[in-house]
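Each remark here refers to the structure printed beneath this line.
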Amino acid sequence: MMLTIKQIKRLREYRPLLFILLPALLLRLLSAIFSRGFGMHDDHFLVIEPSYWWSQGINYQEWLPMNGLHPHPDGHSLFYSGLHYLFFVVCNGAGIADPQVRMLLVRVIHALFSLLTVYFAYRITEKISGKKEAFTAALLTAFFWFMPFLSVRNLVEIVCIPFLMYGAWLIISAYDARKPLWRYFAAGLVMGLAFSVRFQTASFIAGLGLAMLILKLWKPTLVFGIGVLASVLPVQGLIDYFIWGAPFTEFAEYVRYNIQAANDYIIGPWYNYILLLAGILIPPVSIFLLTGFFASWRKQLLLFLPAFVFLVFHSVFPNKQERFIFPVIPFVIVLGTAGWSAMMQKSGFLKRHRGFISGSWKFFWIVNIILLLAISFSYSKKSRVEAMTYLSGYKDVKMILLEDSRHNSAKMVPVYYMGQWADVMEKSKTGLRMNFRRRFTDADSLKYARFVLFFEKDSLEGRVNMLRTYLPGLEYETTIRSGMVDRFMHWINPVNLNQDIYIYRNKAYFPEKKKER
């Protein structure tokens, strides 16, 4: 039943948090339904692919010592991917076989879980500032243009946020009300889970412990630390010991690899993340929030210092991928909202410029709503997902060749959506190699390819003819177009290779094109 205008106003006045949570839930559920695909490489290939293929008895990328193979750890926390493994085992038992249906369920679960971020943003801001500021902070965490889209993704930088927010809420409420020590222990347990999801949250946890020591909370700091260990030791220690015979092997490899490969990825100046936050949070409101965030350092040290240490760590570390900074964004919003409100009440300069500030907020919401509607329902990485979905109509595919000779490497394809395992080889500028670790090593293995996926149309005829030297039975099958948002992202930044895919069938294995459903 539809609510009347009067009922909506009453809900806004008397139940402001529920007033935000209900539409936030609706928007996230709609995003879960319509925003198919995956957002970035890591939220699919480091979570969904390994966990699903483990449930099928296949040792994806030889991450685990299975089938007589004993590789070394790759530096991935197995906690979050392990939860997905259990989910897929349940789906297998329940007969839920369609890859898209399974992923819809995964996105719905993440949509529900992400509401905790909105809830605790309200509670924390209400505690440190007031109901008005709490409403604004919750509104921003619920409806910032990128939040619903990211909230339904399998991105560890997003999934760890509710744990950090809940832990921070336990600390703040315990400190403010002199609550029993068990709340600090519980906060440590929850923060430990954040670490098990995303190792780099260790800098946030360390910053929180440092803030407690500065405030001379000696016993609470000790109890908090015990809580963190009580969470991390069984989750990281025991899992790795069971798999590798030694505790914390994945974490040790993660640290080793990131130190060794610190300069192998996106390198930026120390102020890179400040500029990023100023941009994605939409100026000039982003400047208001950042100003309020830094202005709150003395009054809200328990919240500010962990967020600040996290920001400094990532600003100093050479590898600066955008997603790394996501866990701190809700804390920038909470502290930024509270700090800016306090400045507005005290600053005569800001009071004289209320018109500009009000206009800035109106500009913000116009731009934010446009971006929100454009992003929240976008089908991300559509061509790669739909290409695999198309090939799922064939049985016993076994091997796929990716041809992207215009670039140094071909983008990995999500074999999960094909519903059957296939070895994947790629041909790029740098030569021929296996995309997944298999035993083919030379050009003769090209003859095993059942399908060839050509990325982009440039020089397509020549590239096809060259491969016909090895695969004389190549025949055009179909074209899978990239999505609208994917094309836009490629247009504004060519690094985002969201390409159209031209599928060719090897008639030596499949003489006839599949019948359309």
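The values are calculated or read from the model by the stated rules, or taken from the named source; none is laboratory data. Worth saying up front: this structure is predicted, and the values here are computed from it rather than measured. Heads up, the Cβs are rebuilt from the backbone with ideal geometry, glycines too, and the neighbour counts pull from every protein chain shown. Surface accessibility is based on the protein's heavy atoms, side chains included, excluding ligands, DNA and RNA. Shrake-Rupley method; radii C 1.70, N 1.55, O 1.52, S 1.80 Å.
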Give just the number: which of (1) modelled with pLDDT of 95 or more; (2) out of contact with any Gly (no Cβ under 8 Å at 6 or more places or on another chain); (3) among the hydroxyl-bearing types (Ser, Thr, Tyr) does residue 265 not satisfy? (1)
Go through segment 124-147 and give me each residue that's over 24 Å from the mean Cα position of the chain (by Cα) and either open to solvent by less than 30 Å² (accessible area, probe 1.4 Å) or of a type in the set (Lys, Arg) (or both). 125, 127, 128, 130, 131, 132, 133, 134, 135
Yes or no: segment 339-351 includes at least one residue that is open to solvent by 60 Å² or more (accessible area, probe 1.4 Å), closer than 30 Å to residue 201 by Cβ and either touching a helix residue (DSSP H, G or I) at 6+ places or on another chain (Cβ under 7 Å) or modelled with pLDDT of 95 or more (or both). no
Any residue that is in contact (Cβ under 8 Å) with a residue 60 or more places away in the chain, open to solvent by 60 Å² or more (accessible area, probe 1.4 Å) and part of a helix (DSSP H, G or I) - is there at least one of those in segment 294-310? yes
Quick check: is even one residue across segment 256-268 in contact (Cβ under 8 Å) with a residue 12 or more places away in the chain and crowded, with 18+ Cβ neighbours inside 10 Å? no
Filter result (open to solvent by 10 Å² or more (accessible area, probe 1.4 Å) and touching a residue at least 40 places away in the same chain (Cβ under 8 Å)) within segment 200-217: 200, 203, 205, 206, 210, 214, 215, 217
Tell me, yes or no, whether segment 392-402 has at least one residue that is assigned to a helix (DSSP H, G or I) and of a type in the set (A, V, I, L, M). no
Which one is modelled with the lowest pLDDT among residues in segment 69-93 that are open to solvent by 70 Å² or more (accessible area, probe 1.4 Å) and farther than 21 Å from residue 103 by Cα? 70
Within the bounds of segment 320-336, is there any residue that is among the basic types (Lys, Arg) and in a loop (DSSP other than H, G, I, E, B)? yes
Check on residue 502, of a type outside the set (D, E, K, R), modelled with pLDDT of 95 or more and under 26 Å from residue 396 (Cα atoms): yes
Residues that are of a type in the set (Lys, Arg) and part of a loop (DSSP other than H, G, I, E, B), drawn from segment 179-200: 179, 198
Condition (residue is open to solvent by less than 20 Å² (accessible area, probe 1.4 Å) and either farther than 30 Å from residue 250 by Cα or polar (S, T, N, Q) (or both)) applied to segment 108-117: is it met by at least one residue? yes
Given (1) in a loop (DSSP other than H, G, I, E, B); (2) more than 22 Å from the chain's Cα centre (by Cα); (3) closer than 21 Å to residue 158 by Cα, index of the condition residue 58 fails: (3)
Kindly provide the set of residues from segment 226-255 that are open to solvent by 30 Å² or more (accessible area, probe 1.4 Å) and farther than 18 Å from residue 78 by Cα, ordered by number. 226
Scanning segment 1-50 for residues that are of a type in the set (A, V, I, L, M, F, W, C), under 23 Å from residue 135 (Cα atoms) and open to solvent by less than 40 Å² (accessible area, probe 1.4 Å) gives 11, 17, 20, 21, 24, 27
Output the number of residues of segment 218-232 satisfying the condition of being in contact (Cβ under 8 Å) with a residue 12 or more places away in the chain and out of contact with any helix residue (DSSP H, G or I) (no Cβ under 7 Å at 6 or more places or on another chain). 2
